[in-house]
1. Determine whether A:Lys105 is under 27 Å from A:Gly31 (Cα atoms), within 12 Å of chain B (Cβ to nearest Cβ) and open to solvent by 20 Å² or more (accessible area, probe 1.4 Å).
2. Cβ-Cβ distance below 7 Å, separation of 6 or more or different chains: which pairs start in the stretch B:53-72 with a residue that is at pLDDT below 90 and end on one that is hydroxyl-bearing (Ser, Thr, Tyr)?
3. Please state which of the following conditions A:Phe8 fails to meet, knowing it meets all the rest: (1) among the aromatic types (Phe, Trp, Tyr); (2) closer than 15 Å to A:Leu159 by Cα; (3) open to solvent by less than 20 Å² (accessible area, probe 1.4 Å).
4. Going by what's in this entry, would A:Leu158 be described as touching a Phe, Trp or Tyr at 6+ places or on another chain (Cβ under 9 Å), over 20 Å from A:Tyr128 (Cα atoms) and either open to solvent by less than 50 Å² (accessible area, probe 1.4 Å) or more than 13 Å from chain B (Cβ to nearest Cβ) (or both)?
5. For the stretch B:201-216, does any single residue satisfy the condition of being on the phi > 0 side of the Ramachandran plot and either within 14 Å of another protein chain (Cβ to nearest Cβ) or open to solvent by less than 50 Å² (accessible area, probe 1.4 Å) (or both)?
6. If you take the residues of the stretch B:46-76 that are aromatic (Phe, Trp, Tyr) and open to solvent by less than 50 Å² (accessible area, probe 1.4 Å), which of them is nearest to the chain's Cα centre (by Cα)?
7. What pairs can you find where one residue is in the stretch B:166-186 and more than 7 Å from every other protein chain (Cβ to nearest Cβ), the other is surrounded by fewer than 19 Cβ atoms within 10 Å (Cβ to Cβ) and among the polar types (S, T, N, Q), and their Cβ atoms are less than 8 Å apart, with a gap of 6+ or different chains?
8. Assess whether A:Asp85 counts as being at pLDDT below 95, surrounded by fewer than 20 Cβ atoms within 10 Å (Cβ to Cβ), within 14 Å of another protein chain (Cβ to nearest Cβ) and not in a strand (DSSP E or B).
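The values are calculated or read from the model by the stated rules, or taken from the named source; none is laboratory data. Keep in mind the model is a prediction, meaning the values are calculated, not measured. Counting neighbours? That spans all protein chains shown, and the Cβs are built from the backbone with ideal geometry, glycine included. Accessible surface is based on the protein model in full, side chains and every heavy atom, while ligands, DNA and RNA are left aside. Shrake-Rupley method; radii C 1.70, N 1.55, O 1.52, S 1.80 Å.
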Amino acid sequence: MANPIIEFKNISKKYDDTPVLKKIDFEIESGKFYTLLGPSGSGKTTILRMIAGFEDPTSGEILFEGKRIDLTPANKRPINTIFQDYALFPHLNVSQNIAFGLELKKMSKTDIQAKVAESLRMVQLSGYENREIDALSGGQKQRIAIARAIANEPKVLLLDEPLSALDHKLRKEMQVELRALQQRLGITFIFVTHDQEEALALSDQIFVMNDGRILQSGTPVDIYDEPINHFVADFIGESNIVPGTMTADYLVHFDHKDFECVDAGMRPNEPVEIVIRPEDLDITSADKGKMQVTVDSQLFRGVDYQITGHDADDHEWTINSIHQTTVGAQVGLVFDPEDIHIMRFGEDEETFDARLDSYEE
Amino acid sequence: MEMQKKSFFMVPYLAWIALFVVAPMALILYQSLFDITGHFTFSNYTSYLESTTYLKMTFNSIWYAFLITFFTLLISYPTAYLLNRLKNKRLWLLLIILPTWINLLLKTYAFIGLFSQNGSVNDFLRFVGAGSHQILFTDFSFIFVASYIEIPFMILPIFNSLDEINPSLINASRDLGASAWQTFKRVIVPLTMPGVKSGFQAVFIPSLSLFMITRLIGGNRVITLGTAIEEHFLVTQNWGMGSTIGVILIIAMFVVMFLTRERKSKGGQSR
């Protein structure tokens, strides 16, 4: 990895005696879109606030372009934040809000004016200079907050669940715009969210967090296709997770049968968990299926049907299918060997990556 | 039906306004148009405007009210700011509000005890070898006691406006490169201006018509419009002149209210 812009080295954080971050290590490369994804209380916002300078680590070091930054106050860091509640100054109008940081930098009046206009153009709100903050809609406030942050030309832009207050349609629009903006500006974005769909759609890299730890990092595709453990598999997308054992390399045993798979590197007969995504399962007649389930319910969701059923051992299966079936019927399920993903119990990211590397070349 | 119900509930309010706001003001205005012998005249107003004594008194009132408000603000703003950062801020605020529940007259008498020739303050001064001083019946003691009494009324609105500031605005200011002082100047002060304005109204307007403290603590050396009104009604029995000064005082109050009103200009405030 070439010169990371931000590095966390062995960072821990405690509030009173409650640990919120447990020995976090990671590196952030310049110019990419990163997402910290996790449920509330996982420590993702704490990481963001540490990068911004609103919190100090209890122990460990934060490096920015190779130099320690955790002792630098927030106002001296070349980093800007977009807050969850936008934090626009209500006593200033739109252009005064955007000019706030520029005035502090002693930029000349004409330069400020040009910069404000440019930033507003970036967020497609040209001509809004003299609007009052109170007179803006939620989506417009969001854009002004973005304009205010990018006007300062930060090296890193932090986004703290910025889309969570918007309605579904607006959120989708802003996702597209944020992604486009990041690619146009080339600024490193660090985005915090608990919405896995948002994370998958936007990011170059995702850090999945839970309980003060980073469980897995990787591209959206890696994390979706090869979740490291039960938590990640369950948190990212829908999934069927059933227990099984590893008979041999490339052969896994569940539902009283051996199935061909594409994972290897475990001990013989090691207990594992099997993940199959609902969209990878296809329904066929009972005798043609690789396994059989009894259909318990069927929900029409517009694009497809969500079908749930149970197998002989009473494990629940969710299937997303564009074809209708009948509740109560026994049906067969078909899937390909590469649709099966195997997770070991208690495997950490390092050994997981090493094991994958050992047979994936 | 709906309208009738609504207007029914308006009755107590309207009765109150009519009896205790409109009627007294109308009476004062009416009284001010009669001289001491009961003849209709504008002479009260002309003599008020021509008399240097009254004009000086008016100026005095405004000047002292301004000083009291100024010192009150000087003490209250930092106090409210610090209170707001304390852990049990509501409790500390309550402790500051507590003395307002004690009768004003009692507190004033307490200061006579403290400030008199043989009072605690002079005792202490003599003890440290500074000798005794005339504290009571001075401008200093008047402004000191008046400020002491008014401070809670200034702290409360400022405290509330500080309390209402969204903490992420402070973070945003720091994030955009402002130092702690710049954040205070550019974000905290403008956002607490409504609190300062209400505090100003709550202190300045009553201070204009103070009369008891001017008598008991100021020893009649400080004569304000309040003192003059009391004098005219109780001593000289010139109700007409007293009412005239009352009208002037009411006008002064409206002027202050107008100057400190909430302004929301289009296109943002200029800085």
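1. yes
2. As it stands, the answer is B:Tyr54/B:Tyr48; B:Met57/B:Thr224; B:Asn60/B:Thr224; B:Ser61/B:Thr224, since those pairs meet every condition given.
3. (2)
4. yes
5. No, the stretch B:201-216 contains no residue that is on the phi > 0 side of the Ramachandran plot and either within 14 Å of another protein chain (Cβ to nearest Cβ) or open to solvent by less than 50 Å² (accessible area, probe 1.4 Å) (or both).
6. Filtering first and then ranking leaves B:Tyr64.
7. B:Ser173/B:Gln182
8. The answer is yes for A:Asp85.
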